[in-house]
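Worksheet: the structure to be examined is printed underneath.
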Amino acid sequence: MPTDNVINRNFEDLFTSPVRYEIPFFQRGYAWEQRQWKKLFEDIQVEIIESVENNDFDNEEHFFGPIVVLEKISNHPSLKRFLVIDGQQRITTSYLLLALIKKQLSDKAHLSTNAQTYVAELENLLINKVSGSDDYLKLKVFSTKGDRLPTYKTLFDQNPNSPFLNDDQQLYDPNNNKIDEFVKFVNKRIKSFDVPQLWQLYQAITKSLKIVWIPLDETKDDAQAIFESLNDAGMPLSASELLCNYIFRPLTNDATNEHEKLHNEKWLAARKLVGENNFEEYLRNLFSIGEKKRVGKERRMYVHFKIKNKKLTADSAKATLDKIFNYTTVYNHITKPIQIPHPNEKIKALLILIYNTNMSSINPFIMGLLKAFENNAINEEDTLNVLRETYVLLVRRKVTKLPVTKYDTFFPGLIDKIINEPNKAKAFQTQVQTEQLWVADQVFEDAFLTKEVYNSRELNFSRLILQELDKSLQAFGELPDYSTIHSIEHILPQTLDEHWKNYLGDDATNINLPTIINTIGNLSLNSGSANSSFGQKPFAEKQAAYTDACALARDVKQRKEPWNIASIEKRSSDLSKVALKVWKWNI
């Protein structure tokens, strides 16, 4: 980074002339939060206002950080144009803070003869006196990504006349916007200030906050690379922000603004469809499809994409954005199978079952499979067969407590290995056997006697096993409402009282009893209200109270006393044979 022309400046210098400090597209939106806002106010109060003598703010200095800029050709003859490469949060915060001081002074003009003079001075500092078809030219700090409109509204308390307005209204969410949060924070902080206090705050910001002005040379400096390295020292960019910057780098075009349209219609739309909190995980799964192993989390995901796309062109960037947008639907079918169900009822049913195994490492494979089905590269029968075999594999390995670490290397590239095979399900099984992930019937059956099916940390999976067994045991296929019969009942209680200890005799001190209590033979389903009433009741009382709607409960009602380790193991053995039919390899 060059050191020529690096000078100390203040915000009065920065804003005095007609100018536009443009936040480039590769920047994130405004991101400062209360921690930074409080620190700024404390520094201004303690380091400047309380230290200054005789209101001599020109000679009081408080270093506020660097602002790195790149001068660009302006499309307006009276405005200089600078891209803010680093210092976006500082310059935006100061600009908005001055605008809010101006508004408070306007509201208090009747209290002081000086207030209106101060307001006029602030208007000259904050607003470009230009005319044209775009009111946004009046802003001296011009952003994108949803910040433009609230910035304008903060200054002018109305919407702009601008060709960008419709797009900005689509992006603007007043309930989820940092600029609006900052406005509320500042107004609460300064509403009690009188006119002299407001003017002191104005002078402290414009004269005493010192920044280091660092201009770049477009012919020599890589603005985005400098931006990424500088931001690592501040509020680090997230992986998705870095990725967005990288993808849009070959697309940014000031003449057409096509990048903004693509950003809104592809990137932001995809982010909204899968949810802000899920977006990076979605991208991670998407970029894992066809890879030798699942892509790492957070910045490793960004680095992976960057390595794979070293020569990203405008066309390949657009293709990437299309892919990011187009896969959101299948991802939602997988991760939200009930809220956003697959249109094919049979596929939907299997996706719900797979979801309840809680094995997200398979998502790249399922995404590829569903997209292939959507594109008619695989038919319905093959899709269902492969999903079914996937489900059986997941359940068998989880019940048997076998390692799943191989999933991260097995599933990402699996779709490419089976998609062109005549028998997709058989090809799937072949791959499972080749990678030694196969679970034989005897191993699966034995697990029900020795492994805990109940797990308080994975109740969805425990319920899945119980409900699917219950369905299989129901006569004539008539199923109860499992939304009301969803509590897992331990027939032999997890914690034994004196009655149960005496009832069990020597079994009460068996070293394996804590595990046996959580095996399938000791579990049933009941309604929540009924389950809470059973507790430590004796076995005979529980038997009499169990509902007939649940086949598992009916099975318990038919069992004879005593209810002990031998009884539980016998029932586990009986149910394991049912499980072999429920989770049977079909080929």
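If you go through the range 442-450 one residue at a time, do you hit one that is in a helix (DSSP H, G or I), farther than 17 Å from Val330 by Cα, touching an Asp or Glu at 6+ places or on another chain (Cβ under 7 Å) and of a type in the set (A, V, I, L, M)? Don't jump to the end; show me each part of the working.
Quick first cut of the range 442-450, residues in a helix (DSSP H, G or I) only: 442-450.
Those left that are additionally farther than 17 Å from Val330 by Cα: 442-450.
Subsequent filtering for residues that are touching an Asp or Glu at 6+ places or on another chain (Cβ under 7 Å) retains 449.
Narrowing the set further to residues that are of a type in the set (A, V, I, L, M) leaves 449.
Yes, the conditions are met somewhere in the range 442-450.
Looking at Leu97, Leu79, Leu111, Leu70, can you tell me which residue is surrounded by fewer than 22 Cβ atoms within 10 Å (Cβ to Cβ), on the phi < 0 side of the Ramachandran plot and under 37 Å from the mean Cα position of the chain (by Cα)?
Result: Leu70 is the single residue among Leu97, Leu79, Leu111, Leu70 that is surrounded by fewer than 22 Cβ atoms within 10 Å (Cβ to Cβ), on the phi < 0 side of the Ramachandran plot and under 37 Å from the mean Cα position of the chain (by Cα).
If we keep just the residues of the range 1-55 that are assigned to a loop (DSSP other than H, G, I, E, B) and among the polar types (S, T, N, Q), which is modelled with the highest pLDDT?
Of everything passing the filter in the range 1-55, Ser17 is modelled with the highest pLDDT.
Would you confirm whether or not the range 174-181 contains a residue that is assigned to a helix (DSSP H, G or I) and either of a type outside the set (D, E, K, R) or at pLDDT below 85 (or both)?
Yes, some residue in the range 174-181 is assigned to a helix (DSSP H, G or I) and either of a type outside the set (D, E, K, R) or at pLDDT below 85 (or both).
Output the number of the condition that Trp563 fails; it satisfies all remaining conditions of (1) under 41 Å from the mean Cα position of the chain (by Cα); (2) more than 27 Å from Tyr391 (Cα to Cα).
Among (1) under 41 Å from the mean Cα position of the chain (by Cα); (2) more than 27 Å from Tyr391 (Cα to Cα), the lone unmet condition for Trp563 is (1).
Looking at the range 567-587, I want the residues that are touching a residue at least 12 places away in the same chain (Cβ under 8 Å) and in a loop (DSSP other than H, G, I, E, B) and have a partner that is among the small types (Gly, Ala, Ser) and buried (at least 18 other Cβ atoms within 10 Å of the Cβ) with Cβ atoms under 6 Å, at least 6 apart or on another chain. Which pairs are those?
If the second residue must be among the small types (Gly, Ala, Ser) and buried (at least 18 other Cβ atoms within 10 Å of the Cβ), the pairs left are Ile587/Ala425.
I'd like the full set of residues that are surrounded by fewer than 20 Cβ atoms within 10 Å (Cβ to Cβ), touching a residue at least 24 places away in the same chain (Cβ under 8 Å) and assigned to a loop (DSSP other than H, G, I, E, B), limited to the range 319-358.
Asn344, Asn358
Restricting attention to the range 500-525, report how many residues are hydroxyl-bearing (Ser, Thr, Tyr), buried (at least 16 other Cβ atoms within 10 Å of the Cβ) and within 11 Å of Thr450 (Cβ to Cβ).
1
Taking into account only those residues within the range 236-251 that are surrounded by fewer than 19 Cβ atoms within 10 Å (Cβ to Cβ) and within 19 Å of Gln88 (Cβ to Cβ), which is modelled with the lowest pLDDT?
The initial filter retains those residues of the range 236-251 that are surrounded by fewer than 19 Cβ atoms within 10 Å (Cβ to Cβ), namely 236, 238, 249-250.
Next, from what is left, pick out any that are within 19 Å of Gln88 (Cβ to Cβ): 236, 238, 249.
On the way: Pro236: 69, Ser238: 84, Arg249: 85.
Only one residue fits best here, namely Pro236.
Please report, ordered by residue number, the helices (runs of 4 or more DSSP H) entirely within the range 480-556 with at least 2 residues that are small (Gly, Ala, Ser), assigned by TED's automatic domain parsing to the domain that holds Ile465 and modelled with pLDDT under 90.
Those helices (runs of 4 or more DSSP H) span 528-534, 539-545.
Determine whether Phe476 is at pLDDT 95 or above, aromatic (Phe, Trp, Tyr) and either under 17 Å from Arg397 (Cα atoms) or over 38 Å from the mean Cα position of the chain (by Cα) (or both).
no
Just checking, which of Lys542, Lys560 is over 29 Å from Val439 (Cβ atoms) and surrounded by 20 or more Cβ atoms within 10 Å (Cβ to Cβ)?
Exactly one of Lys542, Lys560 is over 29 Å from Val439 (Cβ atoms) and surrounded by 20 or more Cβ atoms within 10 Å (Cβ to Cβ), namely Lys542.
Free of Cβ contacts under 8 Å to residues at least 24 places away in the same chain, of a type in the set (Phe, Trp, Tyr) and in the same structural domain as Ser572 (by TED's automatic domain parsing): is that true of Phe476 in this structure?
Yes, satisfied.
The values are calculated or read from the model by the stated rules, or taken from the named source; none is laboratory data. Model, not experiment: these values are computed from the prediction. Glycine gets a Cβ as well: all are built from the backbone with ideal geometry, and neighbour counts include every protein chain shown.
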